[in-house]
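The values are calculated or read from the model by the stated rules, or taken from the named source; none is laboratory data. Since the structure is predicted, the reported quantities are computational estimates derived from the model, not experimental observations.
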Amino acid sequence: MDGIDHRWGDRVPVNIPVTLTARPGVRLTGALANVSVSGAWIETRSAPPGITLCRVSLPARRSHDVAADVMAWVVRRTDHGLAVEWCDLAPPFVRGILARSAPAGKPPALATPPPMSS
């Protein structure tokens with residue numbers, strides 16, 4: 001590993017149960033431990049092979065909530081979990097988590113792309 005953090009935006013600690021589905025027959029359960037606009041860390045005891053496309057599913061938390069499915073790539077694995085990078089930057093459920101976790105009077109931890117160099 002090169003020691004460089006490629007994440008956009010701040011990490012926000014959470015504890016949200018998820019189901020991770022990879023190719024047919026690979027279904028894991030875990031918990032989102034932190035999220036950012038570009039990805040997340042999922043605590044789980046098993047993991048699909050690295051660089052695997054998967055669907056991260058979040059259950060509805062309350063009866064009036066809607067479950068969320070987000071596509072992501074598994075980009076790193078350890079014995080304690082895995083890192084995913086969202087296929088689309090800042091999916092709606094992540095924006096919602098970041099907005100709810102922002103301190104009063106402070107904007108959510110959303111990143112903006114770096115300026116283009118000319």
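Computed quantities for the displayed model
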read-out: Filter pass, A33 being farther than 12 Å from A72 by Cα and modelled with pLDDT under 90; value: no
read-out: One residue from R11, R55, R95 being modelled with pLDDT of 90 or more and basic (K, R); value: R55
